[in-house]
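Q: The structure under discussion is supplied below as structure tokens; questions concerning it will follow.
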Amino acid sequence: MTRPGRRWSIRARVLGGMLALVGLALAAAGAAIYTVERNELNERLDDSLSRTVQEFRVLAGTGLDPRTHRPYAHAEDLLYTAMQRTMPSAHQGMLGLSAGRLQWTAPDVVRLRLEDDPQFLSWATQAASDDETRIETVPTSLTTYRAVVVQVQLSSDPEPGSFVLAYDYSAELRRINQNFLVFSAVGLLVMLLAGAAAWFVVERMLRPIRLLRNTARQISETDVSGRIEVTGTDEFADLTTTINAMLDRLEGALDSQRQLLDDVGHELRTPVTIVRGHLEVMDARDPEDVEQAREISLDELGRMSLLINDLVTLATSNRPDFIVPRPIDIDVLLDEVLEKAAALGDRRWSIGERFDARVWLDPSRVTQAMLQLCANAVKFSQAGSPIAVGACLVEIPQAHSGHRRHLRLWVRDAGIGIPLEDQTRIFDRFGRARNSSRLEGSGLGLSIVSAIAAAHGGMVSVDSEPSSGSTFNIDIPITAGAGNP
């Protein structure tokens, strides 16, 4: 039963996590930018107000009245001149107070009319009576100001004056808020785009997993042929390749198991039938008949033991530890094979060709294969006939990579030979040439040789003519490794 909710939860969790991270990053960036810009705004406004205060004080201390060309005699004249020389910015306004009363207002071109805000006028009048000059934030029902009041008291004028300068802080802050809204809108758009991109990426990431799920559904105890299509070169492609390799090993193991069961059921039935038949008809009171049945039974049981050992060898040939390669001196390997093969039969044994190099292979399995070929050569040749073993280097063409070097181990005899039509089937399990005897061996010897060659990544072949002998070749590819030629 499918569970689409689980697939959705995976997507939702991935998308939710990504969007949460993007949103958190944008929120942190936006908060930092907003804080920095607001601090810069405060510093800019305070700096502008401070510079205007300094200019006003310089004018009050050293300035001359343009009408009399003498120092200012009245505070209201100083305020008038200061306001004429000050050019307010877009959100800045100013006032001139004399004796706590409104004396001068900003020119008509100035947009911020401080005199239209009674609450601000009340604050400015009260601040004018304070001898300390400081920049303050003044909230009113209309807006919020950042303002300063500078008192001036001329020795020639008993009436004090005050120069009031203020910024519409809310208007200045509104610009930053608008920028932050734009940033938020862009951030939201980025999150939507990131979500769409994440959806696409997650969809591609989950595709191999869905293929794996579908392939797993198709696999049964009798069919493991399904494979996952490998796309791309990322980690999911590596995972897909690994799973396909696992399925290959599983299919090979099941095939070996199936073949083993078929072989056991087919080949062991005959000796069991023979033993049972002789035991059933045996006359237990006749010693000669008992001895004959015993000999036949022991012979058949020996053949069963040989068959079982060979079947076990073939059943384990697909395991990774079937061979244990290591660097081997081929010249020494040939001498050892020749020495062991001499005990197989009365033949003229020799080494026909030597290959002096070290190659990576499993010496035990290769020796087993070579001795099996030697045993076959003895079986199908006459006593005293020549049998030679040898090794050489050959170049074998590959499907997509030109030629590749192979180590060729061979066994040559002068026996009965093999008909051309039988030269391919003799490597199958229980496959025999038509000119061979059914009772000689288990019929699995050449299959074992082929399995050993395949485990090394190679193959086995035969070159033979009837009545002229046979040459069996084991070709093993030479891998890059220490000591390889």
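Q: In whole Å, how far is the Cα centre of segment 73-150 from that of segment 454-468?
A: Here the two parts' Cα centres lie 110 Å apart.
Q: Amide H neighbours of ALA357 under 5 Å, counting only residues 5+ apart in sequence or on other chains, H built in-plane at 1.01 Å?
A: ILE330, ASP331
Q: Next question. Note down the net charge around ALA166, summing +1 for each Lys or Arg and -1 for each Asp or Glu among other residues with Cβ under 14 Å from its Cβ. The partial results should precede the final answer.
A: Working: positive: ARG111, ARG113, ARG134, ARG146; negative: ASP46, GLU115, ASP116, ASP117, GLU136, ASP168, GLU172.
Its environment carries a net charge of -3.
Q: Determine, for CYS392, CYS374, the number of other Cβ atoms within 10 Å of each Cβ, and report the residues in order from fewest to most. Don't jump to the answer; show the numbers that get you there.
A: Details: CYS392 15, CYS374 25.
Fewest-to-most ranking of CYS392, CYS374: CYS392, CYS374.
Q: Next question, about the same structure. Tell me the net charge near ALA106. Cut-off is 12 Å between Cβ atoms, ALA106 excluded, with +1 for each Lys or Arg and -1 for each Asp or Glu. Write out the running numbers ahead of the final one.
A: Numbers: positive: ARG111, ARG113; negative: ASP108, GLU115, ASP116.
Counting the neighbours of ALA106, the net charge comes to -1.
Q: Still on this structure: Once you sort the root eigenvalues of the Cα gyration tensor of segment 4-175 as a ≥ b ≥ c, which label holds: rounded (a/c under 1.5), prolate (a/b larger than b/c) or oblate (the other case)?
A: Numbers: a/c = 3.97, a/b = 3.33, b/c = 1.19.
Taking the square roots of the gyration eigenvalues as a ≥ b ≥ c, segment 4-175 is prolate.
Q: Quick one: Cα centre-to-centre distance for segment 32-62 and segment 327-370, in angstrom?
A: So the separation of the two Cα centres works out to 98 Å.
Q: Give the dimensionless ratio obtained when the Cα radius of gyration of segment 323-477 is divided by 2.2 N^0.38 Å. Please list the in-between numbers first.
A: Details: Rg = 15.0 Å, N = 155, 2.2 N^0.38 = 15.0 Å.
In units of the globular-protein estimate, segment 323-477 measures up at 1.00.
Q: Name the long-range amide H neighbours of LEU112: under 5 Å, sequence gap of 5 or more, or other chain; modelled H, no Pro or chain starts.
A: Under 5 Å from the amide H of LEU112 lie the amide H atoms of GLN92, each far enough along the sequence or on another chain.
Q: Can you list the HN-Hα couplings for segment 326-337, worked out from phi with the Karplus curve (6.51, -1.76, 1.60; θ = phi - 60°), rounded to whole Hz and with x for Gly and Pro?
A: Working through the residues one at a time gives 7, x, 10, 7, 5, 4, 5, 4, 5, 4, 5, 4 Hz.
Q: Could you please rank TRP199, TRP360, placing first whichever residue has the fewest other Cβ atoms within 10 Å of its Cβ? Intermediate results must be reported in sequence, preceding the final value.
A: Details: TRP199 14, TRP360 19.
So the ranking, lowest neighbour count to highest, is TRP199, TRP360.
Q: Quick one: net charge of GLU136's neighbours, Cβ under 12 Å, K/R +1, D/E -1? The partial results should precede the final answer.
A: On the way: positive: ARG134, ARG146; negative: ASP46, ASP130, GLU132.
Summing Lys and Arg as +1 and Asp and Glu as -1 gives -1.
Q: While we're here: How large is the charge dipole for segment 125-225, taken about the Cα centre, if only the Cβ atoms of Lys, Arg (+1) and Asp, Glu (-1) carry charge, to the nearest 20 debye?
A: Approximately 1200 debye in magnitude.
Q: Report, by chain and number, residues whose modeled amide H sits under 5 Å from the one on SER385, excluding near sequence neighbours (fewer than 5 apart, same chain).
A: When sequence neighbours closer than 5 places are left aside, the close amide H contacts are ARG348.
A short reminder: the numbers here are calculations on the coordinates, not readings from a lab. This one's a predicted model, so the numbers in the text were calculated from it and none came from an experiment. All Cβ positions, glycine included, derive from the backbone under ideal geometry; neighbour counts span all protein chains shown.
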